Amino acid sequence: MPIVHTQQLTKIYRSGFVKRKEVAALKDVSISVERGEIFGLLGPNGAGKTTFVKILLSIVFPTKGQAEIFGQKLGALEIREKSGYLPENHRYPSFLTGLQTLQLFGQLHGLNGSVLNDKAKSLLELVGLKDWGKVKIKRYSKGMLQRLGLAQALMNDPEILFLDEPTDGVDPVGRKEIRDLLKDLRAKGTTIFLNSHMLSEVEAISDRVAILNKGEVLKIGTVADITSTKLEYEIQLDQIASGQLCEKIRPLVRELKGNEKTLIVAVHDKNDIHTVQDLIRQEGIFVESMSPRKSSLEDYFIQLIQSGEGK
Amino acid sequence: MRSLGMFLFTIREAILRGTLIFYFVVATIVIAFFAFAIRVSPDDGKSLMILGNIIPSTLGKGITINPVEFVLLQFQKSSASFVVFFGIFAVAGLIPAMLEKGTVELFLSKPLSRTSLLLSRSLGATTGVILNMMYFVVGIWLIFGIKVGVWHWGFLLSTLVVALVFFLFFSIVALIGLITRSGGFSIMFSFIIYMLSGLLRYRTTSLYRLWDNTVFHRTLDSIYYAFPQVGEMLDNSALLIGTSPFDQLKSALVDQPSSPYLPFLYSFISATVIYALAIRYFSKEDF
């Protein structure tokens, strides 16, 4: 049973009194997130990623559609009891210290006494802010605030963690530490819902991703599925392929590209690649290497978004 | 426990605001002034002296007063208005501060209903002001007790009534703060309503004369009863100390309700409706 399940979730923002203006932030979004996975929600700015998470946490109300988390309808306090959330551009009261900030949000989760203090201190240590606990957060850097935000989202040992651009403003070393922390949390069974436009990061840690653009889900799948280019091979030759060879190959393949000593062929069937190899050999050309092609998530994302823009 | 966390956080935030720190300094100066200025006359051992001058027990035209009660009464009346006036300044920004982008998401994502969140925030803001006021009033009360030997419990009790008045009036501040999400607007509109409420108090002897029309009169009445009656409640809170001879002059200008409790009842109903509107608005709004 999925931990998060949405069905045709739609959000339309309305503004203006005289001239009503409507903006569809989400259009019929149906997504399921399984327990214990890292699910990445990708999309350009304004795609509706933040609105989607805010709806799940009842910060924004949907215009249409349904959603359940832990089998509970949206709005149930139990959802927020078991969830952690790191919003994008979060702001904490600047007069508090790091430790006091965690204590405040721990209290809002019902923690108190020594349990609260111990939890706050251990999380400060976990996110590398152990020595900064008693310093007012107005002195924190952007990266430190991001770490503190992550710690506050973990105060209640959440079953699901919603992170909106968690590595925004964090240096490369810090980003790696956060990635490792998220992997540790997944290993302990925490489900992680990651909103980001940092594609390489999402690719590195997510089990599944959904690509959202202009409020619509364009693609959902595992990272491996999305990044593997189906039946496309790159063939390195020891000499330049002749035009005659290309003409012989073309009827057998879906697509043929290449330059000089490299051929990129997309075949209809796996066995067709053997025929292509045979044709190359018949021309007296030696195949130096052949490998299936894999595109990066970024390549796929850009291609998908651009094709969507062109619609 | 969760609401308590928000409540305590709001008190801390309210106290740390510059305006309340300024208020604390002013209160300390006034307390220090009273500590030095007040004493019992060494001549008769009972007359009250301020800065070396004896406070007379008659005000002319045969009006007799209790000097200690009279001073406490005047002090309470001016400080109560000051508390409401200054309190709005100090904490009106707390509701909009909670709604700032990046902050509101953090609070709303916690397992606390929006009703609890708003009420604990409002109660915390009010308590922040009241704590400062208690410091002021208790300080003065102690000085009168120690230096003059008068431990006036009514004076202390009236503070609790002022606290209630402030909480009731804060309903307007909360509603405006929620709708406008601006501390400045919240302060401005709250003052307009505060002034309007004061003006409407004298409607029967002044505003009614502007237009002798029943609909106009009932409209003024409706506006008057729609908001907490701060002026009346503050005046009536002073009854716990005593009666001022100046009240007789004022009573000629305003409608005197049959019971001093009525303004509290009307204001309680009005504030309940305003808080309910604020909760409904907050519960339906996207952030």
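The values are calculated or read from the model by the stated rules, or taken from the named source; none is laboratory data. Note that the structure is a prediction, hence the values are computed from the model and not measured. Here Cβ is always computed from backbone atoms with ideal geometry, including for glycine, and neighbour counts include all displayed protein chains. Accessible surface is based on the protein model in full, side chains and every heavy atom, while ligands, DNA and RNA are left aside. Shrake-Rupley method; radii C 1.70, N 1.55, O 1.52, S 1.80 Å.
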Exercise for the section: With only alpha-carbon atoms counted, please give the Rg and Dmax of segment B:6-73, in Å. Expected result: 18.4, 55
Fill in the blank from the handout: Correct semi-axes for the protein assembly as shown, from √(5λ) of the alpha-carbon gyration tensor and rounded to whole Å with the largest first, are 71, 27, 17
Exercise for the section: Rounded to whole Å and sorted largest first, list the principal axis extents of the Cα atoms in segment A:230-309. Expected result: 44, 22, 20
Fill in the blank from the handout: When all Cα-Cα pair distances of segment B:1-143 are considered, the percent exceeding 26 Å is 43
Practice task
In vacuum, with every alpha carbon of segment A:7-148 counted as one equal point scatterer, what does the Debye formula give for log10 I(q)/I(0) at q = 0.10, 0.16, 0.18 Å⁻¹? Two decimals, please.
Solution key: -0.48, -1.01, -1.12
Problem - Qualifying lysines (Cα of each under 29 Å from Cα of A:Lys270; at least 8 residues distant if same chain) - result: A:Lys219, A:Lys230, A:Lys248, A:Lys257, A:Lys261, A:Lys294
Practice task
Just tell me how shielded B:106-118 is by partners: mean number of partner chain Cβ atoms within 10 Å of each residue's Cβ, no decimals.
Solution key: 6
Practice task
Looking at chain A, send over the antiparallel percent of its DSSP beta bridges, to the nearest 5.
Solution key: 70
Completion exercise
Given a Förster distance of 45 Å, the FRET efficiency implied by the Cβ-Cβ spacing of A:Lys219 and A:Asn117, rounded to the nearest 0.05, works out to 0.50
Practice task
State the Kirkwood hydrodynamic radius of chain B in Å, one decimal place, computed from all pairs of distinct Cα atoms.
Solution key: 20.7
Handout entry: Top of B:Ser57, B:Ser182, B:Ser79 by mean-square fluctuation, Gaussian network on chain B, Cα under 10 Å
Key = B:Ser57
Practice task
Note down the magnitude of the dipole of segment A:1-125 about its Cα centre, charges +1 on Lys and Arg C-beta and -1 on Asp and Glu C-beta and zero elsewhere, to the nearest 20 debye.
Solution key: 680
Handout entry: Under 15 Å from the A:Phe61 label point (7 Å along Cα→beta-carbon), backbone N, segment A:5-33
Key = A:10-14
Practice task
For n ≥ 4 DSSP H runs only, could you compute -39500 (n - 2.57) per run for chain A, divide by its residues and tell me the 222 nm figure to the nearest 500?
Solution key: -10500 deg cm²/dmol
Handout entry: When the convex hull of its Cα atoms is projected in every direction, mean area for segment B:188-234 (nm²)
Key = 3.4
Handout entry: C-alpha center-to-center spacing [segment A:185-214, segment A:244-289] in angstrom
Key = 37
Problem - Inter-site label distance for B:Thr180 and B:Leu160 at 7 Å from Cα along Cβ, in nm - result: 3.4
Fill in the blank from the handout: About its Cα centre, segment B:1-93 carries a charge dipole, from +1 on Lys and Arg Cβ atoms and -1 on Asp and Glu Cβ atoms, whose size in debye to the nearest 20 is 260
Handout entry: Selected from A:Val33, A:Val223, A:Val287 as most flexible by GNM, with chain A as the system and alpha-carbon contacts under 10 Å
Key = A:Val287
Problem - Probe 1.4 Å - accessible area at A:Thr63, Å² to nearest ten - result: 60
Fill in the blank from the handout: Over 19 Å (Cα to Cα) among A:Lys82/A:Lys119; B:Lys46/B:Lys77; A:Lys142/A:Lys183; A:Lys11/B:Lys110 -> B:Lys46/B:Lys77; A:Lys142/A:Lys183; A:Lys11/B:Lys110
Handout entry: Span from the segment B:53-72 Cα centroid across to the segment A:9-38 one, whole angstrom
Key = 70
Exercise for the section: Report the calculated FRET efficiency for A:Asp238 and A:His274 (r = Cβ-Cβ distance, R0 = 22 Å), to the nearest 0.05. Expected result: 0.70
Practice task
Let me see the pair-distance distribution of segment B:113-171: every alpha carbon pair, 10 Å bin width, integer percents in order.
Solution key: 22, 41, 24, 11, 3, 0
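Quick one: if the Förster radius is 41 Å, what FRET efficiency do B:Tyr281 and A:Arg35 give, using the C-beta to C-beta distance and rounding to 0.05?
0.65
For the protein assembly as shown, give the magnitude of the charge dipole about the Cα centre (Cβ charges: +1 Lys/Arg, -1 Asp/Glu; no others), in debye to the nearest 20.
Taking the Cα centre of the protein assembly as shown as origin, the dipole is about 1400 debye.
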Fill in the blank from the handout: Net charge (Lys, Arg +1; Asp, Glu -1) of residues whose beta-carbon lies under 15 Å from that of B:Leu8, B:Leu8 excluded, is +3
Problem - Under-5 Å amide H pairs with B:Ser47, H placed in peptide plane, nonlocal only - result: B:Ser41
Problem - Sum of side-chain charges, A:Leu77 neighbourhood, beta-carbon under 13 Å (Lys, Arg +1; Asp, Glu -1) - result: +4
Practice task
Report the net charge of residues surrounding B:Ile241, where surrounding means a beta-carbon distance below 11 angstrom and charges are Lys +1, Arg +1, Asp -1, Glu -1.
Solution key: 0
Fill in the blank from the handout: Which of B:Asp44, B:Asp235, B:Asp221 fluctuates most in a GNM of chain B (C-alpha springs under 10 Å)? That residue is B:Asp44
Handout entry: For chain A, diffusion coefficient by Stokes-Einstein and Kirkwood Rh (Cα), 10 °C, 1.306 mPa s, µm²/s
Key = 71
Exercise for the section: Just name one of B:Gly242, B:Phe216, A:His268: the one whose Cα is farthest towards the positive end of the charge dipole of the protein assembly as shown (beta-carbon charges, Lys/Arg +1, Asp/Glu -1). Expected result: B:Gly242
Practice task
Tell me which residues come under 5 Å, amide H to amide H, from B:Val150 once H is placed; ignore anything under 5 positions away on its chain.
Solution key: B:Gly145
Practice task
Kindly report, to the nearest 10 Å², the accessible surface of A:Glu247 as traced by a 1.4 Å probe over protein heavy atoms only.
Solution key: 110
Practice task
Please give the solvent-accessible surface of A:Lys54 in Å², to the nearest 10, using a probe radius of 1.4 Å with every protein chain present.
Solution key: 20
Practice task
In whole angstrom, note down how far apart the Cα centers of segment A:113-150 and segment B:103-182 are.
Solution key: 31
